[in-house]
1. Using just the helices of the chain, give the 222 nm mean residue ellipticity in deg cm²/dmol: DSSP H runs with n ≥ 4 each add -39,500 (n - 2.57), and the total is spread over all residues, rounded to 500.
2. Per the Kirkwood formula on distinct C-alpha pairs, the Rh of the chain is how many angstrom?
3. Please report the relative contact order for region 7-56, taking Cα pairs under 8 Å with a sequence separation of at least 6, and give it as a percent rounded to a whole number.
4. Using alpha carbons only, how many degrees (0 to 90, rounded to 10) separate the axis of helix 38-48 from the longest principal axis of the chain?
5. Can you give the local net charge around GLY57? Use residues other than it whose beta-carbon is closer than 15 angstrom to its beta-carbon, Lys and Arg +1, Asp and Glu -1.
6. Order 39-46, 20-27 from most to least packed using the mean count of other Cβ atoms within 10 Å.
Amino acid sequence: MNGTADKTVAEFFAGIGLMRIGLERAGWRIAFANDIDHDKRQMYVDHFGDAGGVHCG
């Protein structure tokens, strides 16, 4: 591998997205995120704008 391969991760218990911020800064792409709390999901969507990529439950 030459180091240019896509790095993709699923973010479980996403909360408000703090892990996503760190992972994206390190070059990772979040393909899926979830949290059981509807309010946290809404904060995540408000911050990142990708309602289809974060699931509740």
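Every number here is computed from the coordinates shown, using simple stated rules; none is lab data. Everything numeric here is computed off the predicted structure, so don't read it as measured data. Positions of Cβ are generated from backbone atoms using ideal geometry, with glycine treated the same way; all protein chains shown enter the neighbour counts.
1. Values: 2 runs with 19 residues, N = 57.
Taking each H run of at least 4 residues, the total per residue is -9500 deg cm²/dmol.
2. Numbers: mean 1/r = 0.0867 Å⁻¹.
It works out to 11.5 Å.
3. Details: 74 pairs, mean separation 19.5, N = 50.
Relative CO of region 7-56 lands at 39 percent.
4. Tilt of helix 38-48: around 40 degrees.
5. Numbers: positive: LYS40, ARG41; negative: GLU11, ASP35, ASP37, ASP39.
Net charge around GLY57: -2.
6. 39-46, 20-27
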